[in-house]
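> To start, I am sharing the structure in question, which I have written as structure tokens.
Values quoted throughout were computed directly from the atomic coordinates according to the rules given, and no laboratory measurement underlies them. Being a predicted model, the structure only gives us computed values, none of them experimental.
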Amino acid sequence: MSHKNKQPTQSEKRRLIADKLRVVPELSDRAIARMLGVSPTTVGSVRRELADKSVQIGQVDTGAYDWTKHPYIKENPDILDGLSVASLRAIKAPGVLDKMAELGSRSPRYAQRRLYMERKQANKSPLLTVTEEDVEVFVSDIKTGLPQIKDCSVDVILVDPPYDVKSVEELYSHISAIAGRILKDGGSLCVMCGGAGLNVAMRELGTDIRLRYNWDIAYVCRRGTPLIHTRKVTTAVKHVLWYVKGAYDGDIVYDLIEAPTDYGTDKEHHVWGQSVEGVKEILRRITKDGDVVCDIMCGGGATVVAALELGGRKIIACDIDEKAVKTTKQRVRELFGHSK
């Protein structure tokens, strides 16, 4: 008798949901439902059951943990004002208040995410050792095609080019051509882009037939949300346009990334600099140990620093601006223990 395509029972589905909630409780019911192919209503039901049992990450019974007496709560009692249900669940989890105190954070869910990533990192096999020789940074203009980078040698390109429509029209087709040449089969091109020129960006990035549009990841940056007067829009979202060369066979990616609110942007090193912690969140989703990560418009080096801090990733980066390349190289030297 054939057992092909046997569907999981309701109890098996609920067990899978419970396991997922214990690992990533910060994801929405809909996000978890999409991952597991179940109903958001069922996810919500299991989530409430776990909350009623006071069970959190790692199946810790938080009923035995008096979080209300934590020194950080006593010092900052106003943190509890207006907490959402999800944030209240997070703050009760053992270790979250300690992490909030360590970070000086007022966000329980952010602290919980940081704890999860640290635990996940700690449980991994030892990372590939990356040395300073594994980081290549040079001055070059993308309009040259970047012959310095070998064909089919890069796993992931993450680039944050200018967002104005003129720049999009002039530069994005070059980005597409370079990605089509240097990406390995199955590799990803991720381009940060503003909403105003999104239609033009997608048109230009689609000019290389070796690339296939995969998805649009929303990168939420709540700090300093600009008003686009001509469109009558106040925006908190940047788009990460994700293209793939060949068939993507990596992990499932959640398409909403929130820039950590406890960290600003990286304007100290470049006028258009991004938050290293924010870029790190993007790289966690789309890269893995052993990948070669490339930023062909590196600016002040936020992507380079983020990849190095994640560990296990070799890096190629360039920029047309000699000053930006010098800044990036200096940041690399400092990460490897050299003085300024």
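> Using modelled backbone amide H atoms (1.01 Å from N, in-plane), which distant-in-sequence or interchain residues come within less than 5 Å of G187's amide H?
Under 5 Å from the amide H of G187 lie the amide H atoms of K245, each far enough along the sequence or on another chain.
> Give the shape of the range 132-335 as rounded, prolate or oblate, defined through the alpha-carbon gyration tensor: a ≥ b ≥ c are the square roots of its eigenvalues, a/c under 1.5 means rounded, and otherwise the shape is prolate if a/b is larger than b/c and oblate if not. Please list the in-between numbers first.
Numbers: a/c = 1.30, a/b = 1.10, b/c = 1.18.
Taking the square roots of the gyration eigenvalues as a ≥ b ≥ c, the range 132-335 is rounded.
> Classify the range 292-340: rounded, prolate or oblate, from the alpha-carbon gyration tensor (a ≥ b ≥ c, eigenvalue square roots; a/c under 1.5 rounded; otherwise prolate if a/b is larger than b/c)? Let's see the in-between values first.
Details: a/c = 2.39, a/b = 1.08, b/c = 2.21.
Here the range 292-340 falls in the oblate category.
> Also, I was wondering about something else. Need the C-alpha centroid separation for the range 68-121 versus the range 147-196, integer Å.
Each part reduced to its Cα centre gives a spacing of 38 Å.
> A further question on this structure: Whose amide H sits under 5 Å from the amide H of F138, counting only residues 5 or more places off or on another chain, with H placed in the peptide plane?
So F138 has HN proximity to A317, C318, D319.
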